[in-house]
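*Asks:* The structure follows.
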Amino acid sequence: PLISIITVVYNNEKDIRNAIESVLDQNYEYIEYIVIDGGSDDGTIDVINEYRDHISVFISETDNGIYDALNKGVLCASGDVVAILHSDDQFCNSRVVSNMMEKIEQTKVEFCFSNMVLVDEPSGKILRYYMASYFKIWMFKIGWMPPHPTCFIKRSLFDEFGMYSTDYKIAGDFDLLVRFFYSRKIRWSYLNQITVKMSTGGVSNSGWRSKRLVYSEISRSLKSNNVWSLPVFQLAR
């Protein structure tokens, strides 16, 4: 099956090369690679152009934030499966896509996720393991979800439940997964492998202000999706 991998970027000249090369290094044959740039004015586009022959779709224009950019990518996607690799993330090895796609085919699921590590950008030291083996659907009520950069999603789920909401600055991915898991009983599976390295400094892990914002947006998402929770539950995270 064809997989569409989407990378969105804005002014990230220093990291975008690693993200692109980690996609191009995959040993899975059927990859549609989509890069959505938000109108970068540093050297990001110059780096992307070095790999232009290996990128299926490239769009560079101003947007209304990360979730607007992701929606553009999903709308361009023609693959049976969609995966997101942000510009400051990397696949851990060349077999990530083939392993995830094999898991999807074996288990006949619509949604598959795995594990991730958070890495200190200057030193390369692992700061935190984001292990998802203990995920249960009720954990959304405490603000916990499968690590979004590891999620491989059947395109049909976007057709059924809609796109990323642009009403959120940080928690649009959380809101999307809440819709997937609480609208009906979707078929999902978990691959017990670390597949993605996320660098520090991203929008969702850049200090206490972002933590307060994501706390507020998660509460709003749960309420709008009619998922009962108390704000104090999120302290369990």
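*Asks:* Specify which of the listed residues (Tyr33, Tyr67) is closer than 26 Å to Tyr168 by Cα, in a helix (DSSP H, G or I) and either in contact with a strand residue (DSSP E or B) (Cβ under 9 Å, 6 or more places away or on another chain) or among the aromatic types (Phe, Trp, Tyr) (or both). Please lay out each step first, then the result.
*Replies:* On the way: Tyr33 fails: in a helix (DSSP H, G or I).
The match here is Tyr67.
*Asks:* While we're looking at this one, here's another question. The conditions are (1) over 26 Å from Cys112 (Cα atoms); (2) of a type in the set (Ser, Thr, Tyr); (3) part of a helix (DSSP H, G or I), and Ser22 fails exactly one of them. Which is it?
*Replies:* Failed condition: (1).
*Asks:* A further question follows. Could you give every pair whose Cβ atoms fall below 6 Å, whose first residue belongs to the stretch 138-167 and is open to solvent by 40 Å² or more (accessible area, probe 1.4 Å), and whose second residue is of a type in the set (S, T, N, Q), counting only separations of at least 6 or pairs across chains?
*Replies:* Here the result reads Lys141/Ser229; Met163/Asn71; Thr166/Asn64, each pair linking the stretch 138-167 to a residue that is of a type in the set (S, T, N, Q).
*Asks:* Report yes if Asn12 is under 16 Å from the mean Cα position of the chain (by Cα) and open to solvent by less than 50 Å² (accessible area, probe 1.4 Å), otherwise no. Break it down into steps so the answer makes sense when it comes.
*Replies:* Values: under 16 Å from the mean Cα position of the chain (by Cα): no; open to solvent by less than 50 Å² (accessible area, probe 1.4 Å): yes.
Against the criterion (under 16 Å from the mean Cα position of the chain (by Cα) and open to solvent by less than 50 Å² (accessible area, probe 1.4 Å)), Asn12 does not qualify.
*Asks:* Also, I was wondering about something else. Is it true that some residue in the stretch 78-85 is out of contact with any strand residue (DSSP E or B) (no Cβ under 8 Å at 6 or more places or on another chain) and not in a loop (DSSP other than H, G, I, E, B)? Spell out the reasoning first.
*Replies:* Going residue by residue through the stretch 78-85, those that are out of contact with any strand residue (DSSP E or B) (no Cβ under 8 Å at 6 or more places or on another chain) are none.
Looking through the stretch 78-85, none of the residues is out of contact with any strand residue (DSSP E or B) (no Cβ under 8 Å at 6 or more places or on another chain) and not in a loop (DSSP other than H, G, I, E, B).
*Asks:* Which ones in the stretch 48-81 are hydrophobic (A, V, I, L, M, F, W, C) and closer than 21 Å to Arg17 by Cα?
*Replies:* Filtering the stretch 48-81 for residues hydrophobic (A, V, I, L, M, F, W, C) gives 48, 55, 57-59, 66, 69-70, 74-77, 81.
Answer for the stretch 48-81, where residues must be hydrophobic (A, V, I, L, M, F, W, C) and closer than 21 Å to Arg17 by Cα: Ile48, Ile55, Val57, Phe58, Ile59, Ile66, Ala69, Leu70.
*Asks:* Still on this structure, I have one more. Tally up the residues in the stretch 1-42 that are among the β-branched types (Val, Ile, Thr) and in contact with a Cys (Cβ under 9 Å, 6 or more places away or on another chain), please.
*Replies:* Going residue by residue through the stretch 1-42, those that are among the β-branched types (Val, Ile, Thr) are 3, 5-9, 16, 20, 23, 31, 34-36.
This time we only want the ones that are in contact with a Cys (Cβ under 9 Å, 6 or more places away or on another chain), so: 6, 34, 36.
Residues that pass the stated criteria total 3.
*Asks:* Residue by residue through the stretch 119-166, note down the ones that are in a strand (DSSP E or B) and either hydroxyl-bearing (Ser, Thr, Tyr) or modelled with pLDDT of 95 or more (or both). Steps first, please.
*Replies:* Initial filter on the stretch 119-166 (in a strand (DSSP E or B)): 119, 126-130, 152-154.
Selection gives Tyr129, Tyr130, Phe152, Ile153, Lys154.
*Asks:* Out of all the residues in the stretch 117-129, which are open to solvent by 10 Å² or more (accessible area, probe 1.4 Å) and touching a residue at least 40 places away in the same chain (Cβ under 8 Å)?
*Replies:* First pass over the stretch 117-129, keeping only residues open to solvent by 10 Å² or more (accessible area, probe 1.4 Å): 118-129.
Leu118, Val119, Asp120, Glu121, Leu127, Tyr129 - these are the residues of the stretch 117-129 that are open to solvent by 10 Å² or more (accessible area, probe 1.4 Å) and touching a residue at least 40 places away in the same chain (Cβ under 8 Å).
*Asks:* In the stretch 89-107, is there at least one residue being open to solvent by less than 50 Å² (accessible area, probe 1.4 Å), within 25 Å of Ser216 (Cβ to Cβ), under 20 Å from the mean Cα position of the chain (by Cα) and of a type outside the set (Gly, Ala, Ser)?
*Replies:* yes
The values are calculated or read from the model by the stated rules, or taken from the named source; none is laboratory data. Remember, predicted model here, so these are calculated numbers, not experimental data. Here Cβ is always computed from backbone atoms with ideal geometry, including for glycine, and neighbour counts include all displayed protein chains. Accessible surface areas use protein heavy atoms only, side chains included; no ligands, DNA or RNA. Shrake-Rupley method; radii C 1.70, N 1.55, O 1.52, S 1.80 Å.
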